[in-house]
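Student: Here it is, the structure, as structure tokens.
No lab work stands behind these numbers, since they all come straight from the coordinates. Quantities reported herein were computed from a predicted structural model and do not represent experimental measurements. Cβ placement follows ideal geometry from the backbone for every residue including glycine, while neighbour counts extend to all protein chains displayed.
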Amino acid sequence: MINRHEIVSQFSPVNTTWDPYSPFSIGNGEVAFTADITGLQTFSAFYEDGIPLLTQAQWGWHTSPYRPGEPRFDYHKLARTLYSNGVRDVPYTTKPGYQPAEFDWLRKNPHKFHMGRLSFMFPDHTPDRMEIEAPYQKLSLWEGILSSRFRWRNRDVEVRSWAHPSLDMFSFMIRTPLFGEGLKLSLDFPGASPTRTGADWEHPEAHQTMITRQDAQRTEILRILDDDKYFVTLLAGPGVTVTKTGMHRVEIASGSEVMELSVLLTSRPAPEDLPSLADSLRDTVEHWEQFWSKGGFVHIGAGGDRGRELQRRILLSQYLTAINCAGSLPPQETGLTMNSWYGKFHLEMHYWHAAHFASWKRPELLERSLWYYQAILPKALELASGQGYKGARWPKMTDPSGVDSPSPIGPLLIWQQPHPIYYAELIYRANPTREVLNTYREIVIQTATFMADYARWDEERQCYMLGPGMIPSQENHNARIVMNPPYELEYWAFGLNTANAWLKRLGEPERENWLRIAAYMAPAPVKDNLYLAHERCPDTYTPAFNRDHPSMVAALGMLPGKRINPPLMERTLRKVLNGGWQMQETWGWDYPMLAMCAARLGLPETAVDCLLYDSPKNVYLNNGHNRQADRRDIPLYLPGNGGLLLAVGLMCAGWDGCSEKVPGFPTDWDVEFEDILPLP
């Protein structure tokens, strides 16, 4: 049996220097609080251009108000652009030039926002960060506790902070003699903004902060931002006072060397009964001990420095996806750490964020967000019918409403369509019950119904086609000419066959048209013994096309690739890796995707090389985040973390029909694993 506690404890990250890209976060999947090296959000300005220090919640959405006399923008009235699918014209919301104001507003609204900054208020003056001496900060992964300490004016400050596992509450225990010398905490509230920080500090008149109740140890604050509101409840320990000192500032002081404080965020008034600080700490430690003790685990016993680095990435990715990607909504690509694309989530990325939870035997963490597909099913049915299709077409970039945000690219993507079938299959494999079958039956059927209707029969070629009027997952292609990208072809066949398997388990008859379409999908296009991006692509491996996602490899890797020729795919993979692709233009999940392909091809050394590929988009920071080169808008990228776990799981447990033990790692790496399921 693997000594999980010993291994996890070895890789708890530590900060001893100021690094704008290495703040640590605490959270539970529903809320997250990102702290600087003081343990709070004291020096936010220093992190502004790195990973900003935010407090965010899954339910924390804001909609910008309309100006007086301005017409209310309606997605249904947005102009559509027609794209031929080879048989008829299909409308898509892709052209900002027609209605630029409406297009822009609908992309940015609603958006997530920063819910409040908790900082130290030093007496006399705001110190420069270099006045903070001997900083030391450790994130204990096994306990879920962030411990920070530093010295200021020869006085020690110690901070312990954690997030309650089931309440949207952060707790802080702070010890310092500086409380007797004027040190306080401030809780400052900004307005909401669709920017990367989610905060507007420039317009205090545009929002409201009101204390609605104040008792000896409980202060309740109502926050109003236009038509949106939320509640902040402060639970203070003995000798702690809370005072509103500014329009949007609350100051917190302690009459002793110890301050105990909990901050609860809620979308409605808080319940009367809330756990004490001690109970909250106990619940948190128990939660994280259970998290690490159960579910998938990997121990790399050899492999040198590369093996140790991969072990670090695996453990930190488990922590980061648990606090950012395991909530009640699909996560945005930067999770609850900061805003990307205004805080909206991209459903094609949901797979890379969260599918690993099921294969690593934590299916409940994936299921937390799968209800969303049932909730937006009416919108998905409406989207499909508005384009003349049957079934449910899932949006690409969206928010709790399920409305597909307008975009020159997003509405034309299709590779997110089979995802809900894949999720349902992973959940069933982890928990093969009738209840699971019934729970996801409608989602599976409506998804497959759209997929079957979307594929068109070509009488001359005697096969089913995908496109034109679409953009493949490698997004730098012309929607009007794209036809039959390999990954989407394979995913269509996989999805329809899996949907029929779902019906058989339910005792219902298979759909003959689904069987036929899956069997007669067009072959994946090939040129010069290499798989092409799509069959009308002049050449995948020239500078005009060899950037973004090399998604043709996903047809055999992420997917079983039953219709793919392995020798051709191996040539394609090697071409991508050996100078045939602009790797600096890829994204963080592309490296796990390449590793999954290598593993299925029986190339374990190559699989490891892919996971550890030296690229600006494959850097894993001290805090475990996957940095995307120097992109200010995406300094962290959680699909890379989730993709890493998917790939490692496949490399350990294999896939259906694979009898080899740990097929994706070299035999001299001595890799052990527990509680990971094979992928389809």
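Student: Given the options TRP59, GLY144, LEU167, identify the residue whose Cα lies farthest towards the positive end of the charge dipole of the chain (+1 on Cβ of Lys, Arg; -1 on Cβ of Asp, Glu).
Tutor: TRP59
Student: What is the extension gain from ASP74 to ARG632, computed as 0.36 nm multiplied by their sequence separation minus the C-alpha to C-alpha distance, in nm to one decimal?
Tutor: Here the answer is 197.8 nm.
Student: Under the 0.36 nm per residue contour assumption, what length would be gained going from the current alpha-carbon distance of ALA101 and VAL87 to full extension?
Tutor: 1.8 nm
Student: Which entries in the list LYS344/LYS390; LYS108/LYS229; LYS95/LYS396 go over 20 Å, if you measure between the two C-alpha atoms of each?
Tutor: LYS344/LYS390
Student: Taking a ≥ b ≥ c as the square roots of the Cα gyration tensor eigenvalues, with a/c under 1.5 meaning rounded and otherwise prolate when a/b beats b/c, else oblate, which class fits segment 190-296?
Tutor: Oblate is the answer for segment 190-296, as a/c is 1.5 or above yet b/c matches or exceeds a/b.
Student: Test of understanding: ordering ILE471, ILE224 by Cβ neighbours within 10 Å, fewest first, what list do you get?
Tutor: ILE224, ILE471
Student: With a ≥ b ≥ c the root eigenvalues of the C-alpha gyration tensor of segment 322-411, is it rounded (a/c under 1.5), prolate (a/b larger than b/c) or oblate?
Tutor: oblate
Student: Tell me the mean residue ellipticity at 222 nm calculated for the chain from its helices only (DSSP H runs of n ≥ 4, each -39500 (n - 2.57), averaged over every residue, nearest 500).
Tutor: -9000 deg cm²/dmol
Student: Roughly how many whole Å is it from the C-alpha centroid of segment 298-343 to that of segment 1-63?
Tutor: First find each Cα centre; the distance between them is then 12 Å.
Student: Could you name the lysines whose alpha carbon sits less than 25 Å from that of LYS575, not counting residues in the same chain fewer than 8 places away?
Tutor: LYS527, LYS562, LYS617
Student: Moving on to the next point. Express in nm, to one decimal, how much length is gained between ASP124 and ASP226 on full extension, taking 0.36 nm for each residue of separation and deducting their alpha carbon distance.
Tutor: Gain in length upon complete extension: 33.2 nm.
Student: May I pose another question? Taking other Cβ within 10 Å of each residue's Cβ, how do HIS5, HIS125, HIS299 sort, fewest first?
Tutor: With the sparsest Cβ surroundings first, the list reads HIS125, HIS5, HIS299.
Student: So for the pair ARG308, GLU181, with labels modelled 7 Å out along Cα→Cβ, what separation do we get in nm?
Tutor: Rounded to a tenth, the inter-label distance reads 3.9 nm.
Student: Next up: How much FRET efficiency would the formula 1/(1 + (r/R0)^6) give for GLU202 and GLU289, where r is the Cβ-Cβ distance and R0 is 41 Å, rounded to 0.05?
Tutor: According to the calculation, E is roughly 0.40.
Student: At what distance in nm do the modelled label points of ASN476 and ILE211 sit from each other, each positioned 7 Å from its Cα along Cα→Cβ?
Tutor: Output for this residue pair reads 5.7 nm.
Student: If r is the Cβ-Cβ distance from ILE2 to ALA519 and R0 is 56 Å, what FRET efficiency results, to the nearest 0.05?
Tutor: My answer for the efficiency is 0.80.
Student: What is the dipole size for the chain, taken about its Cα centre, with +1 at each Lys and Arg Cβ and -1 at each Asp and Glu Cβ, in debye to the nearest 20?
Tutor: Charge dipole of the chain: 1040 debye, to the nearest 20.
Student: Between ARG151 and TYR21, what is the FRET efficiency for a Förster distance of 30 Å, r being their Cβ-Cβ separation, to the nearest 0.05?
Tutor: That gives a FRET efficiency of 0.80.
Student: What order do you get for TRP201, TRP669 when you list them from fewest to most C-beta neighbours inside 10 Å?
Tutor: Least to most surrounded, the residues fall as TRP201, TRP669.
Student: Still on this structure, please answer the following. What does the C-alpha gyration tensor say about the overall shape of segment 576-680? Classify as rounded when a/c is under 1.5, otherwise prolate if a/b is larger than b/c, or oblate.
Tutor: It is prolate, given that a/c is not under 1.5 and a/b is the larger ratio.
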